[in-house]
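Reading through the structure tokens given below for one structure.
The values are calculated or read from the model by the stated rules, or taken from the named source; none is laboratory data. Quick caveat: nothing in here was measured; it's all calculated off a predicted structure. Every residue, glycine among them, receives a Cβ derived from its backbone with ideal geometry; neighbour counts consider all protein chains shown. Accessible surface is based on the protein model in full, side chains and every heavy atom, while ligands, DNA and RNA are left aside. Shrake-Rupley method; radii C 1.70, N 1.55, O 1.52, S 1.80 Å.
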Amino acid sequence: MPRIKGTHTAMKSGMLAADAIVDALAAGRANDELTSYQSGYENSWIYSELRMVRNILPLVEKYGNFWGTMLSGINMWLENFGVRMPFTMKHHADHNALRRKDHVHKIDYPKPDGVISFDRLSSVFLSNTNHAEDQPVHLQVKDSELQLSSELNIFAGPSTRYCPAGVYEWIEEEGKEPQYQINSQNCVHCKTCDIKDPNQNINWVVPEGGGGPNYPNM
Amino acid sequence: MSERESMPYDVVIVGAGPAGLSAAIRIKQKSPDTSVVILEKGSEVGAHILSGAVVDPKGLDELIPDWRDQGCPMAEAPVNDNQHWILTKKGKYNLPHFLTPGFMHNKGTYTGSLGNMCRWLAQQAENLGVEIFPGFAAAEILYNDDGSVKGVVTGDMGVAKDGSHKPDYMQGMEIHGKYTLFAEGVRGHLTKQLKPKFALDADCQPQVYGIGIKELWDINPENHTTGRVIHSQGWPLSDANGGGFLYHQANGQVALGFVVWLNYSNPFLSPFEEMQRWKTHPEIRKILEGGKRVSYGARAISDGGFQSVPKLAFPGVH
Ligand SMILES: Cc1cc2nc3c(=O)[nH]c(=O)nc-3n(C[C@H](O)[C@H](O)[C@H](O)COP(=O)(O)OP(=O)(O)OC[C@H]3O[C@@H](n4cnc5c(N)ncnc54)[C@H](O)[C@@H]3O)c2cc1C
Ligand code: SF4
């Protein structure tokens with residue numbers, strides 16, 4: 001993985017915002033646009049660092065994992081010497097990437113051995129996730145009809161697989177319409193459903209304060 | 001409904017991650033009289049923080065230059081060995097260093113828990129007079145009549161599933177700020193509402209994301225080398241891009257995780273199961289065997305980088 005890595009850039013963007021706010025408050029301003037934040041950002045090392053890695057992801061997307069990495073390695077290697085690739089490749093939104101279930105192959109995963117590999121539920125247990133019981137569901141499905149006709153019937157229910165906490169289940173019983181079950185109390189707040197649902201039909205909102213995982217040192 | 005209570009501050013910050021805490025500390029360092037509050041949805045600072053992490057100390061150096069002497073837990077494990085593996089079904093080979101020069105070498109970096117680093121940063125912030133409210137989620141954005149951001153509302157407590165009020169019902173509070181800083185991290189729920197409103201995305205590519213699933217293991221001391229960090233690519237992923245990491249941190253622990261980019265196209269793919277399968281590779285299994293898994297979690301990652309950084313400044317907000 002390239003060293004875009006976020007923590008130091010997150011800290012730096014926080015500090016840049018702080019600088020702009022302190023200046024604005026000192027000038028007696030409030031609630032206006034902090035344009036000095038944008039220019040501070042463009043003049044800082046975050047900008048040049050992110051610019052250096054800007055082609056890595058699109059290259060990997062286009063040429064596959066291995067060769068993409070090789071190419072982006074070379075690309076980065078060149079950029080270290082100030083040689084820039086002359087183009088900036090385009091990104092596509094993630095939720096548009098899924099293909100119909102009848103256009104892809106199924107994937108068989110091995111059963112967990114309980115020693116090195118585990119199932120979802122024993123995993124979520126170790127995240128100490130807890131939400132106050134009896135509260136409005138914080139994973140809002142805007143159109144439940146669409147979830148059935150598209151998420152399940154066209155895309156084979158990807159939420160049952162991308163959710164790392166086993167929150168989503170399609171319960172199918174003979175002679176009944178499949179039911180979408182949302183075990184929201186297990187949600188570890190990763191935000192994947194909000195990103196990947198093929199119809200952008202799931203909206204993650206904050207549950208009651210204090211709910212969610214309780215990571216000791218993650 | 002009764003009027004909500006409101007509390008005025010100079011600066012309201014949503015989220016006690018590295019971004020929000022750094023902003024709060026920097027404001028107080030420069031301007032001690034400015035009042036700053038941080039809202040954090042986790043039960044305590046760090047409870048919702050999940051990362052690798054190999055941290056470039058650039059940010060800490062700038063914020064608190066003597067962090068190493070101030071008990072910051074990140075100082076415990078400097079990175080001293082950096083390996084990049086390409087995995088095949090049964091074997092591995094090392095990616096030669098010259099292909100991943102300077103920039104990716106993790107020189108001068110540290111490995112440790114970002115959650116613990118945030119707990120330490122929160123302590124520094126509180127010492128400077130920052131008020132931190134853990135257990136309070138910012139649920140809504142408040143706007144002034146002119147459309148600028150006025151602050152946020154914390155979520156109501158004690159509402160039942162059907163919307164009725166339970167005996168412990170407590171109405172949320174309005175938190176007003178001259179400036180409000182949204183530091184919710186990847187795919188923030190309020191930030192998502194701001195983007196279209198202030199056309200923050202207008203000039204940039206759509207953000208693309210990954211999911212990072214992480215486990216923490218206590219491993220057999222014989223297999224542990226503090227400061228060794230390993231990144232892997234290749235097996236078992238064939239339907240998606242991504243890779244694994246395995247960081248030997250302090251206290252005989254390894255933080256290991258697997259990132260799958262969310263631009264995958266096969267709906268039958270399971271990032272969780274890819275990670276579980278990855279651990280069974282002989283080279284990874286060798287490290288974990290005899291150890292014990294102690295923690296688990298997941299968080300989205302943004303790999304968009306430069307092309308996807310939305311316009312940063314908008315009225316009343318960062
Ligand atoms: C598996 C994984 C591995 C990673 N590895 C590395 C690495 O090795 N090195 C590195 O530098 N970076 C790494 N990163 C990235 C790094 O963790 C992030 O860039 C960094 O955490 C971003 O900081 P942040 O402050 O913007 O957001 P976050 O760390 O996400 O913090 C946001 C905080 O705000 C709170 N919050 C959010 N919304 C609300 C709300 N509405 N109300 C109240 N509180 C709210 C959250 O609970 C959280 O505490 C990794 C990420 C993942 C997922
Ligand atoms: S946020 Fe993550 S854990 Fe929660 S429901 Fe969505 S995918 Fe599952």
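Could you run through segment A:166-190 and say how many residues are more than 14 Å from ligand 1 (Cβ to nearest atom) and hydrophobic (A, V, I, L, M, F, W, C)?
Quick first cut of segment A:166-190, residues more than 14 Å from ligand 1 (Cβ to nearest atom) only: A:166-186.
From what is left, the residues that are hydrophobic (A, V, I, L, M, F, W, C) are A:167, A:170-171, A:182.
Looking only at that region, the number is 4.
Quick check on this structure: which one of A:Ser127, A:Ser122 is more than 21 Å from the chain's Cα centre (by Cα) and polar (S, T, N, Q)? Give the steps one after another, and end with the answer.
On the way: A:Ser127 fails: more than 21 Å from the chain's Cα centre (by Cα).
Matching residue, one of A:Ser127, A:Ser122: A:Ser122.
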| request: Test A:Pro110 against the criterion of being within 7 Å of chain B (Cβ to nearest Cβ) and away from ligand 2 (no atom under 15 Å from the Cβ), and give yes or no. | output: yes
| Close pairs from segment B:22-44: first not assigned by TED's automatic domain parsing to the domain that holds B:Gly185, partner within 16 Å of ligand 2 (Cβ to nearest atom), Cβ under 7 Å, at least 6 apart | none
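Scanning segment B:5-24 for residues that are in contact with a helix residue (DSSP H, G or I) (Cβ under 8 Å, 6 or more places away or on another chain) and more than 8 Å from chain A (Cβ to nearest Cβ), which turns out farthest from B:Gly210 (Cα to Cα)? Quick ask: steps written out before the conclusion?
We begin by selecting, within segment B:5-24, every residue in contact with a helix residue (DSSP H, G or I) (Cβ under 8 Å, 6 or more places away or on another chain); these are B:10-11, B:13-14, B:16-24.
Among the residues that remain, those that are also more than 8 Å from chain A (Cβ to nearest Cβ) are: B:13-14, B:16.
Values: B:Ile13: 25, B:Val14: 23, B:Ala16: 22 Å.
Filtering segment B:5-24 for residues that are in contact with a helix residue (DSSP H, G or I) (Cβ under 8 Å, 6 or more places away or on another chain) and more than 8 Å from chain A (Cβ to nearest Cβ), the one farthest from B:Gly210 (Cα to Cα) comes out as B:Ile13.
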| query | Residues in segment B:244-251: is at least one in a strand (DSSP E or B), open to solvent by 10 Å² or more (accessible area, probe 1.4 Å) and within 11 Å of ligand 1 (Cβ to nearest atom)? | reply | yes
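Kindly establish whether A:Pro216 is facing chain B (nearest Cβ under 7 Å), assigned to a loop (DSSP other than H, G, I, E, B), within 23 Å of B:Phe258 (Cβ to Cβ) and open to solvent by 30 Å² or more (accessible area, probe 1.4 Å).
Working: facing chain B (nearest Cβ under 7 Å): yes; assigned to a loop (DSSP other than H, G, I, E, B): yes; within 23 Å of B:Phe258 (Cβ to Cβ): yes; open to solvent by 30 Å² or more (accessible area, probe 1.4 Å): yes.
When the stated conditions are applied, A:Pro216 passes them.
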| The lone exception for A:Asp194 - which of (1) at pLDDT 95 or above; (2) away from ligand 2 (no atom under 11 Å from the Cβ) it fails | (2)
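Would you check which residues across segment B:109-137 are more than 16 Å from ligand 2 (Cβ to nearest atom) and facing chain A (nearest Cβ under 7 Å) and list them?
Start the filter on segment B:109-137 by keeping residues that are more than 16 Å from ligand 2 (Cβ to nearest atom), which leaves B:109-136.
Selection gives B:Ser113, B:Leu114, B:Gly115, B:Asn116, B:Gly135, B:Phe136.
Would you be able to say whether some residue in segment A:191-198 is within 14 Å of ligand 1 (Cβ to nearest atom), among the polar types (S, T, N, Q) and either touching a residue at least 24 places away in the same chain (Cβ under 8 Å) or within 9 Å of chain B (Cβ to nearest Cβ) (or both)?
Of all residues in segment A:191-198, those within 14 Å of ligand 1 (Cβ to nearest atom) come to A:191-192, A:194-195.
Next cut, among the polar types (S, T, N, Q) only: A:192.
Next cut, either touching a residue at least 24 places away in the same chain (Cβ under 8 Å) or within 9 Å of chain B (Cβ to nearest Cβ) (or both) only: A:192.
Within segment A:191-198, one or more residues are within 14 Å of ligand 1 (Cβ to nearest atom), among the polar types (S, T, N, Q) and either touching a residue at least 24 places away in the same chain (Cβ under 8 Å) or within 9 Å of chain B (Cβ to nearest Cβ) (or both).
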| query | Which of (1) at pLDDT 85 or above; (2) among the basic types (Lys, Arg); (3) open to solvent by 40 Å² or more (accessible area, probe 1.4 Å) does B:Lys197 not meet, given it meets every other one? | reply | (1)
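Could you check how many residues of segment A:199-210 are facing another protein chain (nearest Cβ under 8 Å) and in a loop (DSSP other than H, G, I, E, B)?
Step one: list which residues in segment A:199-210 are facing another protein chain (nearest Cβ under 8 Å), which gives A:204-210.
Now restrict to residues that are in a loop (DSSP other than H, G, I, E, B): A:205-210.
Qualifying residue count, segment A:199-210: 6.
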| message | For the structure I just gave you, tell me whether B:Leu60 is farther than 26 Å from A:Gly28 by Cα and in contact with a Lys or Arg (Cβ under 6 Å, 6 or more places away or on another chain). | response | no
| message | If A:Tyr162 meets every condition in (1) open to solvent by less than 20 Å² (accessible area, probe 1.4 Å); (2) in contact with a Ser or Thr (Cβ under 9 Å, 6 or more places away or on another chain); (3) more than 8 Å from ligand 2 (Cβ to nearest atom); (4) over 25 Å from B:Glu40 (Cα atoms) apart from one, which number is that one? | response | (3)
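Return yes when A:Ser127 is of a type in the set (Gly, Ala, Ser), within 14 Å of ligand 2 (Cβ to nearest atom) and facing another protein chain (nearest Cβ under 8 Å) and no when it is not.
yes
Give the residues of segment B:27-45 that are crowded, with 24+ Cβ neighbours inside 10 Å and away from ligand 2 (no atom under 16 Å from the Cβ), sorted by residue number.
Here is the first cut: in segment B:27-45, the residues crowded, with 24+ Cβ neighbours inside 10 Å are B:27, B:36, B:38-42, B:45.
B:Ile27, B:Val36, B:Ile38, B:Leu39, B:Glu40, B:Val45, listed by residue number.
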| request: With the checklist (1) touching a residue at least 60 places away in the same chain (Cβ under 8 Å); (2) near ligand 1 (Cβ under 10 Å from one of its atoms); (3) at the interface with chain A (Cβ under 9 Å from one of its Cβ atoms) in hand, flag the one item B:Gly59 doesn't pass. | output: (1)
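Matching residues to (1) assigned to a loop (DSSP other than H, G, I, E, B); (2) in contact (Cβ under 8 Å) with a residue 40 or more places away in the chain; (3) crowded, with 23+ Cβ neighbours inside 10 Å:
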{"position": "A:Leu148", "(1), (2), (3)": "no, no, no"}
{"position": "A:Phe155", "(1), (2), (3)": "yes, yes, no"}
{"position": "A:Glu177", "(1), (2), (3)": "yes, no, no"}
{"position": "A:Tyr180", "(1), (2), (3)": "no, no, no"}
{"position": "A:His189", "(1), (2), (3)": "yes, no, yes"}
| task | From (1) more than 30 Å from B:Gln29 (Cβ to Cβ); (2) modelled with pLDDT of 80 or more, pick out the condition that doesn't hold for A:Pro58. | result | (2)
